[in-house]
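Take a look at the structure set out below.
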Amino acid sequence: MHRHGRDEILGTGYSDHDLVAWLESAGVTDAEAVLDQPGWVEWREGQAHDFGAAGHPGQCT
């Protein structure tokens, strides 16, 4: 989220469900549709939607 002139991480999810639930609670009406949009979700330490055994997070920005 862009706030006070900078981007802020607003939450970290360890599954697509976590991210969708968090985005929906923030008022995003079609949360599943934005999972692959870099402006909404930043995937770290792995491929998108691949959380693996280590639970690599996707962060909602």
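Note on the stretch 9-32: among residues that are under 20 Å from Q47 (Cα atoms) and of a type in the set (V, I, T), the one that is least open to solvent (accessible area, probe 1.4 Å) is V20.
Within the stretch 33-53, being modelled with pLDDT under 75 and either open to solvent by less than 80 Å² (accessible area, probe 1.4 Å) or in contact with a Lys or Arg (Cβ under 6 Å, 6 or more places away or on another chain) (or both) holds for G46, F51, G52.
The values are calculated or read from the model by the stated rules, or taken from the named source; none is laboratory data. Since we're looking at a predicted model, the values are computed, not measured. Please note: Cβ atoms are built from the backbone with ideal geometry, for glycine as well, and neighbour counts cover all protein chains shown. Only protein heavy atoms, including side chains, enter the accessible area calculation; ligands, DNA and RNA are left aside. Shrake-Rupley method; radii C 1.70, N 1.55, O 1.52, S 1.80 Å.
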